[in-house]
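Contents: one structure, followed by commentary.
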Amino acid sequence: MTAAGKEFVIAFLKNSLNRYEPYLKILTPFVEDVELQISTPAWNSVDSFHLTYTVNKSYPLEVKLPFRLRVQTSTVDNRIVYVKSSKPIFVFAADFQRDTGSYFLLYPVKTFGTEYIVGAFGNANSRNSELKSLLGCLAIHTDTEIRITPPVNQLLTFNKRTYKHDEEVVVTINRFQLAQIMGIDVTGSFVRSNKPIAVISGHEHVMVHGNSEIVSGHDMIMAQMPPVATLSNVYPVASTSNNDEELIRVFAVHDNTAFSIYSPGSVISQFIKDRTSYFEFYIAKNEGATVVADNPVQVIQISTSGDRFTGDPRMIVTLSLDSYVTEYMFVTTVDAAFPNAIYTHTVIIIVSESAKGKLYLDGKSIINIPHEGTPSSCGYANLEAIRINVDAGYHTLGCHLEDNEYCTVYLNGYFKNSQYGTAINRHLGVLGSSKSSSLQEMGGTDTGPMTTALFRVAAVDQKPSTASKITFYVSSFIECHLLCRQYNNCALVTFEKTQNTCKLFTMYAASSALAEEPGVVISIIA
């Protein structure tokens with residue numbers, strides 16, 4: 001599954017300056033018209049809000065929404081926007097304040113999960129203590145019970161009650177309802193539910209400080225969180241071309257998670273003891289790095305400012321190495337407060353060195369397109385970040401990749417003190433599930449264009465001991481320790497390699513049942 005789908009829900013959370021209308025931008029890979037309806041249960045009148053549109057590959061759709069749909073209070077509300085289409089579409093949400101906009105990719109209903117880690121931001125020194133860090137939980141089923149564990153050393157507020165770290169926020173909501181929770185910083189909150197939900201988080205208006213600079217830009221940040229089931233172990237990150245610094249935050253799915261930060265010329269080891277806490281570090285302009293963990297983690301990237309004094313923070317939910325897909329389609333946006341502004345729109349591509357010649361932006365090889373600045377290494381597995389400026393409007397990027405080749409794509413736009421940034425597609429199925437190579441409709445479900453590095457057990461035999469031997473035949477060098485550490489009491493991995501090609505890969509797993517299962521599929525980080 002990718003970010004293409006037939007059903008979406010979105011709620012626009014609290015906003016300190018709500019005079020501008022939010023909107024949706026909708027795309028589809030289909031040449032023929034795709035029918036869709038946009039409605040809200042907040043108003044019963046068909047005339048008020050129940051709209052029918054068509055969209056096709058050549059004509060992306062922009063739908064402005066009433067700003068009265070914005071949720072202002074910390075309680076249960078029904079101001080949800082529901083989008084339903086006849087074929088898979090991509091949906092981006094945009095919200096605005098006086099000097100900024102937030103633009104982010106929505107995930108379809110089919111990908112919703114029951115566990116989430118909240119990435120956001122908070123600042124106790126914000127110029128107005130009434131401006132809040134936000135968390136919104138959106139239901140698609142009746143009698144959905146949601147439990148939220150507040151972060152360490154932070155308080156959450158819901159329905160006029162305050163909750164500490166050892167107190168769960170518990171709320172039951174119905175289909176097309178949401179619960180908006182507030183705090184000085186909701187970052188690190190852990191959300192569980194008895195039925196699939198969506199989680200959106202961010203801050204209504206905040207200042208993000210840099211590591212070595214003083215910034216004054218205050219703006220909103222917002223994004224939809226991916227379910228825990230879709231998180232993984234390896235996350236390359238890269239700065240945009242216009243930011244002095246980028247703040248990288250690492251969130252653990254499990255307590256006692258160890259990880260390393262690979263950057264050009266160095267490796268730093270870190271440890272997260274409590275999953276409701278997080279670790280953060282900075283990367284400078286035109287730099288890259290890679291987070292490699294022994295358990296699944298979530299990585300959030302937040303810009304400090306577009307320049308040193310009047311910049312605009314923005315938040316991107318980064319993609320793991322095995323969340324890449326083979327086709328990306330996207331449309332740029334502008335700020336409603338600056339309709340005549342001339343933005344610089346940049347595509348940031350993180351790609352393995354062997355795959356660069358297989359990427360085509362709007363049908364043209366990226367090798368033949370001028371790059372913005374110098375490509376930066378991510379310090380791991382020959383990954384580097386390439387930045388390419390694009391014109392305003394609709395674009396496609398195709399990655400004609402083979403196994404063990406990677407391509408992750410982000411979109412960033414910048415004008416003076418207004419900035420946006422978002423991922424534009426990702427794998428959202430449970431990791432280890434199969435990925436197809438082309439977008440297609442399959443009955444009531446649909447899958448997106450994607451590939452992955454998955455290897456089946458090639459041979460299994462028994463040692464005299466209780467351990468089981470699993471042998472893999474692979475085509476590229478493997479980070480063997482990662483796979484081994486996923487299994488308790490795993491023996492040392494052995495492999496034979498010629499130059500950079502791993503020919504034979506063997507591990508001894510404590511679970512004999514796993515090894516003896518003939519159809520088992522294990523994801524290996526290439």
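The values are calculated or read from the model by the stated rules, or taken from the named source; none is laboratory data. Only a predicted model underlies this, so the values are computations on that prediction, with no experimental measurement involved. Backbone-built Cβ (ideal geometry, glycine too); neighbour counts: all protein chains shown. All accessible areas refer to the heavy atoms of the entire protein, side chains included, with ligands and DNA or RNA removed. Shrake-Rupley method; radii C 1.70, N 1.55, O 1.52, S 1.80 Å.
In segment 216-238, is there at least one residue being at pLDDT below 90, of a type in the set (D, E, K, R) and closer than 17 Å to Ile350 by Cα? Please lay out each step first, then the result.
In the first step, residues of segment 216-238 are kept if they are at pLDDT below 90; the result is 216-221.
From what's left, of a type in the set (D, E, K, R): 219.
Then keep just the ones that are closer than 17 Å to Ile350 by Cα; that gives none.
Within segment 216-238 (the criterion being at pLDDT below 90, of a type in the set (D, E, K, R) and closer than 17 Å to Ile350 by Cα), the answer is no, since none of the residues qualifies.
When residues of segment 373-408 are filtered for being closer than 22 Å to Ser323 by Cα, in contact with a strand residue (DSSP E or B) (Cβ under 9 Å, 6 or more places away or on another chain) and part of a loop (DSSP other than H, G, I, E, B), how many remain? Of the residues in that region, 12 qualify. For segment 417-433, taking the residues that are in a loop (DSSP other than H, G, I, E, B) and surrounded by fewer than 24 Cβ atoms within 10 Å (Cβ to Cβ), the one that is modelled with the highest pLDDT is identified as Ile424.
Of the residues in segment 186-208, at least one is within 18 Å of Glu280 (Cα to Cα), surrounded by fewer than 22 Cβ atoms within 10 Å (Cβ to Cβ) and touching a strand residue (DSSP E or B) at 6+ places or on another chain (Cβ under 8 Å). Pick out the one residue from Ala355, Ala381 that is at pLDDT below 90, among the aliphatic types (A, V, I, L, M), more than 29 Å from Glu62 (Cα to Cα) and open to solvent by less than 10 Å² (accessible area, probe 1.4 Å). The conditions single out Ala355. Does Pro375 satisfy the condition of being closer than 30 Å to Glu62 by Cα and either over 22 Å from the mean Cα position of the chain (by Cα) or surrounded by 14 or more Cβ atoms within 10 Å (Cβ to Cβ) (or both)? Considered against the rule, which asks whether it is closer than 30 Å to Glu62 by Cα and either over 22 Å from the mean Cα position of the chain (by Cα) or surrounded by 14 or more Cβ atoms within 10 Å (Cβ to Cβ) (or both), Pro375 comes out as no. Scanning segment 358-372 for residues that are open to solvent by 70 Å² or more (accessible area, probe 1.4 Å) and either more than 14 Å from Val390 (Cα to Cα) or assigned to a helix (DSSP H, G or I) (or both) yields Ile367, Asn368.
Restricting attention to segment 250-281, the residues being more than 23 Å from Met315 (Cβ to Cβ) and open to solvent by less than 20 Å² (accessible area, probe 1.4 Å) number 0. Checking every residue in segment 220-239 against the condition of being in contact with an Asp or Glu (Cβ under 6 Å, 6 or more places away or on another chain), at negative phi, of a type in the set (A, V, I, L, M) and buried (at least 22 other Cβ atoms within 10 Å of the Cβ) gives at least one match. Scanning segment 234-258 for residues that are in contact with a strand residue (DSSP E or B) (Cβ under 7 Å, 6 or more places away or on another chain) and within 26 Å of Cys137 (Cβ to Cβ) gives Tyr235, Leu247, Ile248, Arg249, Val250, Phe251, Ala252, Val253, His254, Thr257. Looking across segment 157-177, just one residue is open to solvent by less than 30 Å² (accessible area, probe 1.4 Å) and closer than 20 Å to Val253 by Cα, and that is Val169. Every condition in (1) under 19 Å from Glu204 (Cβ atoms); (2) modelled with pLDDT under 90 holds for Asp77 except the one numbered (2). Counting the residues of segment 125-156 that are closer than 22 Å to Gln97 by Cβ, open to solvent by 10 Å² or more (accessible area, probe 1.4 Å) and outside any loop (DSSP other than H, G, I, E, B) gives 0.
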